[in-house]
Amino acid sequence: MSFPTARTLAATAAALAVTGTAAAVPFTLSTPLGGATTAYGQSFVPSLGATPDPGLAPSDSVFLETFGFTSGGDGVGSTSTLLAVLPAAFFDFSGGLTAADAVGVSTNTVDTTSAVYGTAYDFEFGGLELSYTDDAPYSAVFVTDDGAGNLTPLGVSVAFVGFEESSPGVFTPITNLGGTGNFDVTALFGPPSGTGFLGGATDAQDLAITATFDTVPEPASLALVALGGVALLGRRRG
């Protein structure tokens, strides 16, 4: 049996990178800007509100690049706020929370204590793999880290979704990701109750968010997969 050479695998990595870039279909979840509130985060499902529709099957993976909020301007939060993506719309905090419990934690921190209203809070994830299906809700929760991987959820001053007067004296959200009453997609309020859960907004209303996704891993990630084969090949031959 013949094995591919390191040069062949490297060329494959480069081809994968080019192909991945060409095949990528970026999409967003987005809601319009409204008034300030203090919230703990937002539950979401990548397939609910995806714009443009990436045409994926429920079993497909997507890759979270950034999850953004907007400052409410009230100075509530932490100088080192992280965003944790948790494996449920309503995570049970009664047993505590560690980085190992999270699907992923942002690679950057944001100072949420001094920004004026309208400042963007963009949390970077660099292609965190998530499920596209509407049967797999997640929550994006503001946290701090004690330096040992123990995470504490916290409230942050952020903008709520924008409202419009739908009939005289009646105001409704301009958009409602996931639809009214779908609490897989809702703003999250706290602190966690005695049972360990955050609360959802009335009628599953949302925060003002802009989450960006891609349908393929970043080209660099594809190249690393192929180049990993080079290293494995080298070990086999050794």
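The values are calculated or read from the model by the stated rules, or taken from the named source; none is laboratory data. Since the structure is predicted, the reported quantities are computational estimates derived from the model, not experimental observations. Here the Cβ is made from the backbone with ideal geometry for all residues, glycine too, and neighbour counts use every protein chain on show. Surface areas here come from the heavy atoms of the whole protein model, side chains and all, with no ligands, DNA or RNA. Shrake-Rupley method; radii C 1.70, N 1.55, O 1.52, S 1.80 Å.
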ask   = Between S80 and T180, what is the spin-label point distance in nm, taking each point 7 Å from the Cα along the Cα→C-beta axis?
value = 4.4 nm
HN-Hα J in Hz across region 24-31 - Karplus 6.51, -1.76, 1.60, θ = phi - 60°, x for Gly and Pro = 5, 10, x, 8, 10, 10, 8, 9
remark   = Taking protein heavy atoms only, a 1.4 Å probe, and rounding to whole percent, the accessible area of region 84-205 owed to carbon and sulfur comes out at 52 percent
request  = Take each of the peptides 190-198, 88-96, average the number of other beta-carbon atoms within 10 Å over its residues, and list them starting from the highest.
outcome  = 88-96, 190-198
ask   = Which parts of region 102-134 would a label at V25 reach, counting a residue when its backbone N lies under 17 Å from a point 7 Å out along Cα-to-Cβ?
value = 130-134
note = Rounded to one decimal in nm, the spacing of the 7 Å Cα→Cβ label points at A120 and T202 is 3.1 nm
note = Residues meeting the amide H criterion for I174 (H placed from the backbone, H to H distance under 5 Å, 5 or more places apart or on another chain) are G162, F163, E164
request  = Tell me the label-point distance for the pair D111, L48, using the 7 Å Cα-to-Cβ offset, in nm and rounded to one decimal.
outcome  = 3.6 nm
